[in-house]
């Protein structure tokens with residue numbers, strides 16, 4: 001991972017992580033690895049648990065679109081519903097997270113150019129439907 005970070009010439013945040021004082025990077029920062037884009041996501045607390053507020057989530061997404069624009073190499077980009085896993089403090093349903101992701105992409109200055117597509121992978125779960133997109137914001 002260190003080599004990837006050095007090769008990508010990433011600049012760390014000024015403050016260290018609360019988790020073991022490690023170097024941290026802005027949420028949404030990407031490191032390319034072959035055909036994959038690895039993303040710094042949530043801040044870790046003292047116990048190593050992921051913490052992210054809604055405002056931090058929105059800032060993360062806006063940086064993510066800039067980063068994807070930098071690294072996608074004219075290929076389709078596939079992302080999961082970010083934040084639907086072990087992130088604490090982000091008490092939103094998968095439906096709400098999808099709506100926020102789509103909205104942030106719409107307002108971002110950075111868009112994938114045709115014929116490239118953004119594909120968002122949604123896991124099947126209760127109270128989630130593609131037919132409900134846009135109903136939570």
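The values are calculated or read from the model by the stated rules, or taken from the named source; none is laboratory data. In this text the structure is predicted, and so the values were computed from the model without any measurement. Don't worry about glycine lacking a Cβ; one is built from the backbone with ideal geometry, like all the others, and counts go over all protein chains shown.
With respect to residue 110, determine if the residue is surrounded by 10 or more Cβ atoms within 10 Å (Cβ to Cβ) and more than 17 Å from residue 65 (Cα to Cα). Judged against the criteria, residue 110 is not a match. A single entry from 98, 112 fulfils the requirement of being in a helix (DSSP H, G or I) and touching a strand residue (DSSP E or B) at 6+ places or on another chain (Cβ under 7 Å): 98. Listed by first and then second residue, the pairs with beta-carbon distance under 6 Å, at least 6 apart or on different chains, first residue in region 119-132 and over 26 Å from residue 74 (Cα atoms), second at pLDDT 85 or above and not in a loop (DSSP other than H, G, I, E, B), are 125/94; 128/94; 128/95; 132/95. Scanning region 67-90 finds one or more residues that are surrounded by 18 or more Cβ atoms within 10 Å (Cβ to Cβ), under 11 Å from the mean Cα position of the chain (by Cα) and more than 16 Å from residue 120 (Cα to Cα). A count restricted to region 45-86 and to residues that are assigned to a strand (DSSP E or B) and either over 25 Å from residue 21 (Cα atoms) or touching a residue at least 40 places away in the same chain (Cβ under 8 Å) (or both) stands at 4. Being in contact with a helix residue (DSSP H, G or I) (Cβ under 8 Å, 6 or more places away or on another chain), modelled with pLDDT of 90 or more, part of a loop (DSSP other than H, G, I, E, B) and surrounded by 12 or more Cβ atoms within 10 Å (Cβ to Cβ) is a condition met by no residue of region 7-22.
All conditions but one from (1) in contact with a strand residue (DSSP E or B) (Cβ under 8 Å, 6 or more places away or on another chain); (2) buried (at least 18 other Cβ atoms within 10 Å of the Cβ) apply to residue 61; the one that does not is (1).
Can you name the residue in region 34-44 that is outside any strand (DSSP E or B) and buried (at least 17 other Cβ atoms within 10 Å of the Cβ) and is also modelled with the lowest pLDDT among such residues? Ranking the qualifying residues of region 34-44, first place goes to 42.
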